[in-house]
Amino acid sequence: MSMTQHAEPAVDTPPAPGPKEADGRTSQRPLVFKLLARPEVGVFLGAAAVYIFFLIAAPPVRDGSSMATVLYQSSTIGIMALPVALLMIGGEFDLSAGVAVISSALTASMLSYQLTMNVWVGVIVALLVSLAIGAFNGWMVVKTGLPSFLITLGTFLILQGANLAVTKMVTTNVATDDISNMDGFDQARKIFASSFDIGGVQVKITVFYWLVFAAIATWVLLRTKYGNWIFAVGGNKDSARAVGVPVTFTKISLFMLVGFGAWFVGMHQLFTFNTVQSGEGVGQELIYISAAVIGGCLLTGGYGSAIGPVFGAFMFGMVQQGIVYANWNPDWFKAFLGVMLLGAVLINLWVRQSATRR
């Protein structure tokens with residue numbers, strides 16, 4: 001009896017996995033391009049360059065007290081630039097932000113002085129007025145569908161005229177009366193306009209508020225549902241509404257946030273100088289918007305950060321004080337800012353194109 005031998009099937013050992021060919025869809029971009037994609041990286045490099053430039057061109061900048069002054073100037077711009085930046089990320093912007101600061105300060109000053117009331121009454125009423133102005137701007141933009149440029153331009157003109165007319169009517173002057181001797185002034189000054197000592201250098205409290213507000217705004221943008229709403233309504237409000245984002249609430253609240261910033265800076269100015277010039281504030285809205293744009297926020301909305309405007313405001317403060325410390329003609333300040341704004345826009349455009357290029 002013969003036995004039939006069966007051959008065992010051959011088992012092929014699979015080849016060792018080698019490196020896969022990368023394509024445009026799966027390849028990982030280098031870290032440098034990921035960093036360049038961040039909206040605040042370009043302005044950080046620009047701020048560092050401006051700082052180094054004035055360290056060389058203006059030796060007084062190296063002094064601690066001079067740097068404290070630079071930070072103070074930056075903070076008064078930066079506190080307002082933060083809510084303006086959030087509003088721009090949300091797809092809108094506010095041309096009345098500059099005069100709204102003065103409107104808030106005038107409200108608190110005249111109400112307290114003319115009615116002989118505790119200054120805290122004026123402070124609280126000014127807050128309500130500032131929030132109401134922001135709510136009005138937001139409501140008009142949402143309900144009419146008109147561009148925020150037109151709505152807030154109208155508000156700008158209304159507030160500018162009212163600031164001058166009402167102040168002259170109430171005080172018979174273009175400035176408010178001195179409120180430094182009124183009840184509550186010292187307590188309010190400690191909160192809004194005091195200084196603290198760091199290594200023998202007096203630093204204004206607005207610098208502390210500026211950094212705290214920036215940290216809060218960054219957390220809101222990156223870690224909360226409301227931050228997602230801001231980016232969504234700025235990118236495409238119709239698509240955002242379709243997926244359940246409360247577009248009306250988000251836009252109105254962003255305008256009210258600008259109103260809060262205007263109130264805060266207005267209170268700082270009032271309790272720093274004890275009086276308010278009713279014609280001030282015109283043109284400041286462009287400084288706030290420029291700081292946000294330099295910080296990487298797009299006028300078209302849906303893109304930006306809260307850290308970028310911090311560096312943008314620092315650049316403005318550095319240039320403003322650096323020109324003085326360098327003994328240059330201060331008339332060149334606005335020209336320098338214009339060059340800086342155009343340069344920042346072009347750099348941000350190049351950075352985004354480089355970061356997204358395959």
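The values are calculated or read from the model by the stated rules, or taken from the named source; none is laboratory data. The shown structure was predicted, so the numbers you read here are calculated from the model rather than taken from an experiment. Quick reminder, even Gly has a Cβ in these numbers, built from the backbone with ideal geometry, and neighbours come from all protein chains shown. In case anyone asks, the SASA skips ligands and DNA or RNA and just uses the protein heavy atoms, side chains included. Shrake-Rupley method; radii C 1.70, N 1.55, O 1.52, S 1.80 Å.
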Search result, residues across the range 113-132 that are under 18 Å from Ala162 (Cα atoms) and either outside any helix (DSSP H, G or I) or open to solvent by less than 30 Å² (accessible area, probe 1.4 Å) (or both): Gly122, Ala126, Ser130
Determine whether the range 168-182 contains at least one residue that is polar (S, T, N, Q), on the phi < 0 side of the Ramachandran plot, over 26 Å from the mean Cα position of the chain (by Cα) and in a helix (DSSP H, G or I). yes
Consider Val203 against the criteria (1) part of a helix (DSSP H, G or I); (2) buried (at least 17 other Cβ atoms within 10 Å of the Cβ): it satisfies all of them except one. Which criterion is unmet? (1)
Go through the residues of the range 301-315 one by one and say whether even a single one is among the β-branched types (Val, Ile, Thr) and either at pLDDT below 85 or over 15 Å from Ala217 (Cα atoms) (or both). no
Taking the range 224-256 only, how many residues are β-branched (Val, Ile, Thr), in contact with a Ser or Thr (Cβ under 9 Å, 6 or more places away or on another chain) and assigned to a helix (DSSP H, G or I)? 2
Among the listed residues Met67, Met80, identify the single one that is assigned to a helix (DSSP H, G or I), modelled with pLDDT of 90 or more and open to solvent by 30 Å² or more (accessible area, probe 1.4 Å). Met67
Test for Met256: is it under 17 Å from Ala85 (Cβ atoms) and either buried (at least 17 other Cβ atoms within 10 Å of the Cβ) or in contact with a Pro (Cβ under 8 Å, 6 or more places away or on another chain) (or both): yes
Report whether or not Val233 is open to solvent by 40 Å² or more (accessible area, probe 1.4 Å), farther than 23 Å from Gln73 by Cα and either touching a residue at least 24 places away in the same chain (Cβ under 8 Å) or not aliphatic (A, V, I, L, M) (or both). no
Please work out which one of (1) farther than 12 Å from Gly46 by Cβ; (2) modelled with pLDDT under 75; (3) polar (S, T, N, Q); (4) surrounded by 17 or more Cβ atoms within 10 Å (Cβ to Cβ) is the condition Gln353 fails and give its number. (4)
So Phe249 fits all but one of (1) buried (at least 19 other Cβ atoms within 10 Å of the Cβ); (2) modelled with pLDDT of 95 or more; what number is the exception? (1)
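Restricting the search to the range 277-318, which residues are among the β-branched types (Val, Ile, Thr) and open to solvent by 10 Å² or more (accessible area, probe 1.4 Å)?
Val282, Ile287, Ile289, Val293, Thr300, Ile307, Val310
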